[in-house]
Each structure stands twice: as structure tokens, then as C-alpha cells.
Amino acid sequence: MKIKSNNSNFEPCPEFTGKGVCVDVTPLRKQQSQFGERDVFKIVFEVDAEKDEGTRFCVWSRNFTPTLNEKSNLRKFLRGWLGRDLTKAELEGFDTETLIGKPAQVVVVHEHKDDEVYANIAACTPEKSGNPLKPSGKFIRAKDRQANNIPANGYRRAEQPAGESGDLGATKIHVGRCKGLEVRDLAPEQVQALIQNWLPTAKANAKPLADDRRLMAALDAWRAAQQPAEDDNVPY
């Protein structure tokens with residue numbers, strides 16, 4: 001099933017219940033909140049469902065702050081995923097890299113907002129089937145995309161060249177709720193929201209600011225990267 005919002009090229013993960021596997025823990029980035037600036041990151045799962053071109057759908061978690069206090073959202077999420085609370089040793093120094101490749105059972109639900117479809121993780125629980133999902137090897141982690149201008153969905157066709165005009169993924173967002181983040185830090189749904197809600201207005205401005213021009217170029221590059229290749233038989 002292919003789900004599109006506003007005829008965009010991005011396919012959010014369909015509603016899903018089944019096997020998943022962690023393929024990324026994104027680098028810490030700054031985000032403005034009602035309590036001031038904070039560090040946040042996301043956990044990314046591939047799920048056992050494929051797009052038409054053969055890559056798996058992925059789903060991004062909510063933003064987590066790097067804290068493991070008793071009431072933290074990260075601690076609650078890990079407790080549900082692991083089926084237990086963290087040990088004393090883990091609480092003293094938890095390495096998020098240990099999550100890469102860890103399987104799970106995930107429930108993905110959709111939220112419809114402003115004519116957009118957002119895929120959210122409603123539940124993440126231990127994998128107990130005895131036949132866990134393994135990473136496909138096709139997803140490229142956020143920390144490894146910087147030099148290759150790979151789009152925010154983490155996949156790039158083999159024939160798609162890296163950008164020739166610098167690392168557009170490093171372009172800072174200067175508008176909206178994602179202000180201060182870089183394009184590469186956003187979930188695909190967030191990039192698509194900027195493309196549909198901000199980009200047309202910005203392009204209609206006869207005298208855009210320098211920040212506007214940079215962000216427009218980055219969003220156009222991201223959108224172009226989502227276009228299907230002319231030859232669908234080219235392997236990933």
C-alpha cells in the first residue's frame with residue numbers, strides 16, 4: 001500500500017504491527033523548547049514492510065533528550081522495548097550504539113494533521129518470535145550522510161550522484177518549529193511539511209533573504225532526491 005499526502009513523493013511508513021529493527025540513533029542536535037534550548041535525538045527503525053522499489057519503510061521515534069531519570073521519556077521507551085528496566089550499570093553509562101541492530105515488535109499508527117500524514121510509533125516491545133528482523137544494510141545512518149548529501153529518508157539510489165553545490169543537508173532551518181536544526185536532522189515528514197507549507201510562499205517572494213535562498217535550494221535538492229529513478233531496475 002502506497003500512502004501519499006498532498007500528492008507528495010514521500011511515502012510515510014504505513015500503519016503497521018510487526019517486526020522492526022533499530023537502524024539508527026541520530027546525532028544530538030539542539031532544539032528550542034518552552035524550557036529553552038535542549039539536546040535531542042531520535043531512534044530509527046526499519047520495519048518488515050517494503051516500498052515498491054524494494055527498500056524497507058522506516059519510522060522515526062519522537063525526540064528524546066539524553067537523560068535516563070526515572071520519569072524521562074527515553075527511560076520509559078527503553079523499558080517497554082527491552083521488557084525490563086535498565087540495570088544499575090546501564091544507568092551509570094548507557095551507550096546508545098548498543099541499540100543498533102536490536103530487534104523489536106513495533107506498532108506504527110498515523111496522525112493526520114494539516115493535510116499531512118505522520119507515522120508515529122505507538123508501541124515498541126520485545127521481539128519474541130525467535131526469528132527477528134535484521135537490518136537490510138541499505139539504510140545509511142545520519143552520521144554517515146554528511147559527506148554524501150544523502151536525503152533524510154536514509155536511502156540513495158546507486159546512480160544518484162552526491163550534490164555538487166556543497167552539503168545542502170547541513171542547511172540550517174530558520175523558520176517554524178524546527179528553527180535551529182539542520183535539514184539532515186529532520187524526519188522526512190518534517191522536510192515535506194516545509195516543502196508544502198513554506199517553500200511556495202518563499203519562492204513567491206521577489207527578494208528572498210540569503211537564508212531563504214539557502215533553505216529553498218536545500219529543500220529543492222531533497223525533493224529532487226525523492227523522485228523515482230528513470231530505470232527502476234537499477235539495484236540499490
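What follows is calculated from the coordinates using simple rules that are stated; it is not laboratory data. Just so you know, these numbers come straight off a predicted model, no measurement behind them. FYI the Cβ positions are ideal-geometry reconstructions off the backbone, even for glycines, and counts take in every protein chain you see.
So which residues in region 33-49 are outside any strand (DSSP E or B) and either in contact (Cβ under 8 Å) with a residue 40 or more places away in the chain or crowded, with 18+ Cβ neighbours inside 10 Å (or both)? Steps first, answer last, please.
Kept after step one, since they are outside any strand (DSSP E or B), are these residues of region 33-49: 34-35, 42.
Answer for region 33-49, where residues must be outside any strand (DSSP E or B) and either in contact (Cβ under 8 Å) with a residue 40 or more places away in the chain or crowded, with 18+ Cβ neighbours inside 10 Å (or both): just Lys42.
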Is it true that some residue in region 99-107 is exposed (fewer than 14 other Cβ atoms within 10 Å of the Cβ) and more than 21 Å from Glu53 (Cα to Cα)? yes
Could you figure out which of (1) under 25 Å from Ala193 (Cβ atoms); (2) buried (at least 17 other Cβ atoms within 10 Å of the Cβ); (3) under 16 Å from the mean Cα position of the chain (by Cα) isn't true of Leu74? (3)
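Test Glu11 against the stated conditions and say whether it is in contact (Cβ under 8 Å) with a residue 24 or more places away in the chain and either assigned to a loop (DSSP other than H, G, I, E, B) or closer than 18 Å to Ile173 by Cβ (or both). Give the derivation first.
Details: in contact (Cβ under 8 Å) with a residue 24 or more places away in the chain: yes; either assigned to a loop (DSSP other than H, G, I, E, B) or closer than 18 Å to Ile173 by Cβ (or both): yes.
Spelling it out, Glu11 is indeed in contact (Cβ under 8 Å) with a residue 24 or more places away in the chain and either assigned to a loop (DSSP other than H, G, I, E, B) or closer than 18 Å to Ile173 by Cβ (or both).
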In a strand (DSSP E or B), closer than 26 Å to Arg184 by Cβ and in contact (Cβ under 8 Å) with a residue 12 or more places away in the chain: does that describe Asp52? no
